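See structure below.
The values are calculated or read from the model by the stated rules, or taken from the named source; none is laboratory data. Fair warning: this is a prediction, and the values are worked out from it, not measured in the lab. Quick reminder, even Gly has a Cβ in these numbers, built from the backbone with ideal geometry, and neighbours come from all protein chains shown. Heads up: the accessible areas ignore ligands, DNA and RNA and are worked out on the full protein's heavy atoms, side chains in. Shrake-Rupley method; radii C 1.70, N 1.55, O 1.52, S 1.80 Å.
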Amino acid sequence: MNDPQTAAAQVQQAFEKIWHEQMAGIDILNPRLSVQTLGFQPYRNRVIGLVITPWLMALIMLPGEDDDWTELELGKKKPHRFPSGTRKFMVNEFDGIGVCQTHSLYSPMHEFESQDHALAAAQGVLDTLMVEGDPSMEEPAAHEPPACTRRGEATAEVRLEDFATIEPTQPVAPTACASPGGTQSNKTLSRRDLLRGSFLRQG
Amino acid sequence: MAENEFDFSGLEKRLSVSRRTFLKFCAGVAASLGLPGHAAMAMAAAVADPKKRPPVIWLHGQECTGPTEALLRSEQPSLEHLILDLISLDYHQTLDSGAGHQVEEIKKKSMQENKGKYLLVIEGAIPVKDDGIYCKIAGETMLDLTHEAAEHAAAIVAYGSCASWGGVQAASPNPTGAQGAPQVLKGKTVVTIPGCPPNPANFIGTVLYFVTYGKLPPIDEYGRPKWAYGRLVHENCYRRPHFDAGRFATEFGDEGHRKGWCLYKLGCKGPETYNNCPSLEYNNVGGNVWPIGVGHPCFGCSEQGVGFEKPMFSLSRVLTHAPPNMFPEIESREDVSGMSTTAAALTGAAVGAVVGATAMAAKKLNEKEGDQD
């Protein structure tokens, strides 16, 4: 599935079917919207595009020829790098499309007054997706650790090197924390150093 | 600040956690708050320095003590150790070892001595009907006690749905005129941590932020910290692929329910409830233990106008993508609510059992409602 136009048609057809069958009559649909695909393009041997439906707007990534996503757990999140920054995609599966990955932009869709309104928002996303972004503008949620990390069962997702770029100028109130650590606040601290508490021993 | 004040052996002893676990926890909290790496460092340092503990006055109004219970049962590092070590808990009716007028005196003394410096935590709703006589502590109404404590507080946190907007007490017909702290303390900034019970991680994150930076984190128009309540439960739900593709469970125990499909048609309020349950789950239990994780629709416990207001298994109706600022005030909804007193009471009872809710509970509630139609 490496031709973006074929992929777009396939996605369009699959969502039309879901809309008229499984989604028929449910309250959460925005009746002013219909299914529309746009911006389908090749990206790193895969195809990426955007789909608007009455219940969601999402970026959708289809597997390339070398990808085997069939073993991936449904609902798991995978980070993907774009020039504008990292976005987390969720492993998804649709009848007529198969396993793919989606990045939810809006759901439910009730804030949109018309198809054109939704289209304008979609175009805005597509216009900025491939533009080199300011790393400090990256959404912090891209780094949100899963529950297992909070329980201390995993550390892989806690990469402090990444966090250091989110708010590099965040002031540390001197009254609240006049620690030796405060003087190093502009320096990237390695996770290893943090876990060893080295910042507390210096100074 | 002397070097030896950061002696980790003392910290390890005080918190009963290893240095590694503690710092990892700080890193996790900082990451959840969307803060950079040095925030974790600053938090660790702030906690390691016990002299900066802010005094805390903790009031209980109309409630079940669920938020405190939830806080005490969280683990790794033992959050109750952390919170008790982090703050100077000068008054807390559930945890104080003293009792009676002596404790009340200590509270008044602490509030006097720490004027403008203490953190006020309010747990439970505040009844205002008939001058607040429906909830009294040591002969004074919760209404008066709240105003008194709020006057010189450095910051006010409403912990739990009851304190945030009235919770189950404010459900129609609201016989005691129960309100949340933000409604009672008009004109003051009140940070709300709603939930029934609220996730202690959202409380501890907020307190850690306060202790570290000396100010409260950014909040939305409902006073909720944006880092915790910025997204719909639906947005990050692990069942989202099934919603996207239109795969719904339609009955408890049916094929879709057993396969873990989307619970929208069973009444899930995820599309109108702002909370971080999908990423934090609940109280470090692990194993995907939170309502949706165990197969029960989201009840909307943390969303004003949803939890205790909309029938538990009715379909979520979403009027706008940003429902919180569109909902009418609870008070003006009392008479239009489709929820009967019995249903409200049943729902209240069901919330406590929400994790263990079964098809039977659903069936019973439906029967009850059916009877009244």
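Things to note:
- Among B:V128, B:V285, the order of accessible area from largest down is B:V285, B:V128, computed with a 1.4 Å probe on protein heavy atoms.
- Expressed in Å, the radius of gyration and Dmax of the Cα atoms of region B:53-228 are 14.9, 44.
- Other residues whose C-beta falls under 10 angstrom from the C-beta of B:I106 contribute a net charge of -1, scoring Lys and Arg +1 and Asp and Glu -1.
- Highest to lowest packing among B:113-120, B:266-273, A:21-28, B:229-236, scored as the average C-beta count within 10 Å: B:266-273, B:229-236, B:113-120, A:21-28
- Cα gyration tensor, region B:260-308 - rounded (a/c under 1.5), prolate or oblate: oblate
- For the pair region B:203-257 and region A:43-71, the centres of their Cα atoms are 25 angstrom apart.
- Computed over region B:53-228: relative contact order in percent, which uses C-alpha pairs under 8 Å that are six or more apart: 23
- In the context of the full set of protein chains, region B:182-247 has a per residue accessible area of 28 Å² (1.4 Å probe).
- For region A:1-124, the C-alpha radius of gyration divided by 2.2 N^0.38 Å, with N the number of residues, is 1.02.
- Positive contributions from Lys and Arg (+1) and negative ones from Asp and Glu (-1), summed over other residues with Cβ under 13 Å from the Cβ of B:G66, come out at -2.
- Using a probe radius of 1.4 angstrom, the carbon and sulfur fraction of the accessible surface of region B:219-282 is 49%.
- Ratio of the Cα radius of gyration of region B:158-232 to 2.2 N^0.38 Å, where N counts its residues: 1.13
- Association of chains A and B removes close to 5500 square angstrom of accessible area from solvent, both sides included, for a probe radius of 1.4 Å.
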